[in-house]
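Below is a structure I'd like to ask you about.
The values are calculated or read from the model by the stated rules, or taken from the named source; none is laboratory data. This one's a predicted model, so the numbers in the text were calculated from it and none came from an experiment. Virtual Cβ from ideal backbone geometry, glycine too; neighbours counted across all protein chains shown.
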Amino acid sequence: MGNLGKIDNYRTLVSNGDLVSLPAPLDTALYTWSRIRDGSQLPIWRDWDWLAVPVNAIPWCTVVDHIPFPQDFKYRFWGTTRTLIQGYDATGDSVLDLAPVSVASKVFREYSEVAAKQRPLLFETYGMGLHESKSYRCLRLPFGNGVEVTQILSIVSYAPTDVESICDYFQDEAHRTPVGS
């Protein structure tokens, strides 16, 4: 397991997503991804079957389009629960537009690592401006065109007891005023 380091109030560990035991629904998403890749390095996005993912997990998902140069990631899908948790819908926006800035930086680094390694990666994030014991897991699954990553599907798993705290974190961050304003 690798460590991406601490960004602001986060500590993130990364591991090869297909070499670790995953909780539901992350395990279902990885199984579906593995099945459709059909022996190739990366499956093609058009082969993804949303019906294979538990219906209650889809609102937790996001999908980005990877723009290789200059590197960026733009949201093509932003689940409705993501909107409730973070307080905005980022469909059509760059990952760099996420708020707070520390989240944008963290997520950009994670997507960049998935694009570079071209394999599923599991990111376990601790802290979130809360107690170190609060955490969530995010499985990021790459899709491609045979040469490079073109899309990345992310599916998140929060402990049900932490969801309210995470919502509070994003609400508090949205209301912070930068120093000097």
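Six or more apart or on different chains, Cβ under 8 Å: which pairs go from a residue in region 164-177 that's among the acidic types (Asp, Glu) to one that's outside any helix (DSSP H, G or I) and modelled with pLDDT of 70 or more? Could you list them?
Note: pairs meeting the criteria are Glu173/Ala99; Glu173/Pro100.
Follow-up question, since we're still on this one. Among (1) closer than 15 Å to Leu121 by Cβ; (2) hydrophobic (A, V, I, L, M, F, W, C); (3) in a strand (DSSP E or B), where does Val63 come up short?
In the conditions (1) closer than 15 Å to Leu121 by Cβ; (2) hydrophobic (A, V, I, L, M, F, W, C); (3) in a strand (DSSP E or B), Val63 misses (1) alone.
Just give me the residues in region 80-127 being charged (D, E, K, R), under 14 Å from the mean Cα position of the chain (by Cα) and assigned to a helix (DSSP H, G or I), in sequence order.
Across region 80-127, the qualifying residues are Arg82, Lys106, Arg109, Glu110, Glu113.
Determine if region 120-131 includes at least one residue that is within 18 Å of Asp27 (Cα to Cα) and acidic (Asp, Glu).
yes
Let me ask another. What number of residues within region 67-115 satisfy the criterion of being hydroxyl-bearing (Ser, Thr, Tyr), out of contact with any helix residue (DSSP H, G or I) (no Cβ under 7 Å at 6 or more places or on another chain) and modelled with pLDDT under 95?
Restricting attention to region 67-115, the residues satisfying the condition of being hydroxyl-bearing (Ser, Thr, Tyr) are 75, 80-81, 83, 88, 91, 94, 102, 105, 111-112.
Checking the rest, the ones that are also out of contact with any helix residue (DSSP H, G or I) (no Cβ under 7 Å at 6 or more places or on another chain) come to 75, 83, 88, 91, 94, 102, 105, 112.
In the following step, the residues that additionally are modelled with pLDDT under 95 were identified as 83, 88, 102, 105.
Matching residues across region 67-115 total 4.
With the requirement that a residue be surrounded by fewer than 20 Cβ atoms within 10 Å (Cβ to Cβ), in contact with an Asp or Glu (Cβ under 9 Å, 6 or more places away or on another chain) and closer than 22 Å to Cys167 by Cα, what does region 76-86 give you?
Thr80, Thr83
I need a count of the residues in region 29-66 that are buried (at least 16 other Cβ atoms within 10 Å of the Cβ) and either more than 18 Å from Gly144 (Cβ to Cβ) or touching a His at 6+ places or on another chain (Cβ under 8 Å) (or both).
Matching residues across region 29-66 total 5.
Give region 20-34 a look and list any residue that's assigned to a loop (DSSP other than H, G, I, E, B) and touching an Asp or Glu at 6+ places or on another chain (Cβ under 9 Å), or say none. Steps first, answer last, please.
Within region 20-34, the subset assigned to a loop (DSSP other than H, G, I, E, B) is 20-25.
Ser21 - this is the single residue of region 20-34 that is assigned to a loop (DSSP other than H, G, I, E, B) and touching an Asp or Glu at 6+ places or on another chain (Cβ under 9 Å).
Are there any pairs, at least 6 apart or on different chains, whose C-beta atoms fall under 6 Å, with the first in region 99-122 and touching a residue at least 24 places away in the same chain (Cβ under 8 Å) and at negative phi and the second acidic (Asp, Glu) and part of a helix (DSSP H, G or I), and if so, which?
That search, which allows pairs on different chains as well, returns Pro100/Glu173; Pro120/Asp18.
Filter region 51-60 down to the residues that are under 19 Å from Asp89 (Cα atoms) and either in a helix (DSSP H, G or I) or touching a Cys at 6+ places or on another chain (Cβ under 7 Å) (or both) and list them by number. Before the answer, list the steps.
Our first condition is that a residue be under 19 Å from Asp89 (Cα atoms); within region 51-60, this holds for 56-60.
Answer for region 51-60, where residues must be under 19 Å from Asp89 (Cα atoms) and either in a helix (DSSP H, G or I) or touching a Cys at 6+ places or on another chain (Cβ under 7 Å) (or both): Ile58, Pro59, Trp60.
Checking Leu26 against (1) loosely packed, with under 15 Cβ neighbours inside 10 Å; (2) among the aliphatic types (A, V, I, L, M); (3) closer than 25 Å to Glu164 by Cβ, only one condition comes out false. Which one?
(1)
Next up: When you scan region 35-75, how many residues do you find that are touching an Asp or Glu at 6+ places or on another chain (Cβ under 6 Å) and basic (Lys, Arg)?
1
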